[in-house]
1. Specify which of the listed residues (VAL121, VAL117) is touching a Lys or Arg at 6+ places or on another chain (Cβ under 8 Å) and in contact (Cβ under 8 Å) with a residue 24 or more places away in the chain.
2. PHE102 versus (1) open to solvent by 40 Å² or more (accessible area, probe 1.4 Å); (2) hydrophobic (A, V, I, L, M, F, W, C); (3) in contact with a helix residue (DSSP H, G or I) (Cβ under 9 Å, 6 or more places away or on another chain): which is the lone unmet condition?
3. Are any residues in region 134-169 more than 22 Å from VAL110 (Cα to Cα), open to solvent by 50 Å² or more (accessible area, probe 1.4 Å) and of a type outside the set (A, V, I, L, M, F, W, C), and if so, which ones?
4. Is it true that some residue in region 37-48 is at pLDDT 80 or above, in a helix (DSSP H, G or I) and loosely packed, with under 11 Cβ neighbours inside 10 Å?
5. Go through region 121-133 and report how many residues are farther than 19 Å from GLY73 by Cβ and open to solvent by 10 Å² or more (accessible area, probe 1.4 Å).
Amino acid sequence: LTGPELYPLGQDVGIGDRFLRQALLEERTRADVALDRGLLVRLSGPRRVATARMIPRPRQATEMSLQGWMTEGELLQVKRRYPEQTTWEAQQGAMASLKRAFGSRGRRYVLARAREVAGQVVALDAGRCHVQLVADLRNAFQEQWTGAGVLGASGVAGTGVALAVGVMAPVAAIPAVLCGLLAFGVARRQRQRVEETLVALEQVLALLEHGE
């Protein structure tokens, strides 16, 4: 069923349009992230992290708060601006780099590590809006798997050299086994990035919800 088809059905059973719209937005958020699949994703975690929440504040005030926090609290700058969505990327320059390196004000600036962060604010009614945040972690995903690939190849090469010079097979296999385990650990580190990013996104939504 499409959105326009659901609204009259909801009215028939006493569900208001604003609640149906909120449910559709939440379902779309969940479905978009679920599209990120594959063997590498299952092993190391998704390339994108998304979360959403209903904010009991007008859309304009929410957008202003979101923009202010992304700029000051996360050291991001606007990358592109659309009618209902804005994307940010890490601020450039020596000052921003120093703040991120030394953790200014005790912050870790987790979102600045993402390739980009997208924020969508959709009004549900005059006093409420739906906010969706999506962090693109394809840069970290690629870095982790590149590092894992280099380690794995190094182990195989070391084992090949050892076999070529006449080292016994059980001993020669040690480089491949060790590097394989290290490569697996590097690939799995993406899951930690995903968890940290999700927490950071949820913190932003909590700030918006409570008007801090």
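1. On the way: VAL117 fails: touching a Lys or Arg at 6+ places or on another chain (Cβ under 8 Å).
Testing whether each residue is touching a Lys or Arg at 6+ places or on another chain (Cβ under 8 Å) and in contact (Cβ under 8 Å) with a residue 24 or more places away in the chain leaves just VAL121.
2. (3)
3. Listed by number, the residues that qualify are SER154, GLY166.
4. Scanning region 37-48 turns up no residue that is at pLDDT 80 or above, in a helix (DSSP H, G or I) and loosely packed, with under 11 Cβ neighbours inside 10 Å.
5. Going through region 121-133 one residue at a time, the tally reaches 6.
Results for (1) under 17 Å from GLN203 (Cβ atoms); (2) modelled with pLDDT of 90 or more; (3) assigned to a helix (DSSP H, G or I); (4) open to solvent by 60 Å² or more (accessible area, probe 1.4 Å), shown as yes or no for each residue.
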residue: THR51; (1), (2), (3), (4): yes, no, no, no
residue: MET54; (1), (2), (3), (4): yes, no, no, no
residue: THR62; (1), (2), (3), (4): yes, yes, yes, no
residue: MET70; (1), (2), (3), (4): yes, yes, yes, no
residue: GLU74; (1), (2), (3), (4): yes, no, no, no
residue: PRO83; (1), (2), (3), (4): no, no, no, yes
residue: MET95; (1), (2), (3), (4): no, no, yes, yes
residue: LEU98; (1), (2), (3), (4): no, no, yes, yes
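The values are calculated or read from the model by the stated rules, or taken from the named source; none is laboratory data. Everything quoted here is computed from the prediction, not taken from an experiment. For neighbour counting, all protein chains shown are included, and Cβ atoms are generated from backbone atoms with ideal geometry for every residue, glycine included. The area values use the complete protein model at the heavy-atom level, side chains included, leaving out ligands, DNA and RNA. Shrake-Rupley method; radii C 1.70, N 1.55, O 1.52, S 1.80 Å.
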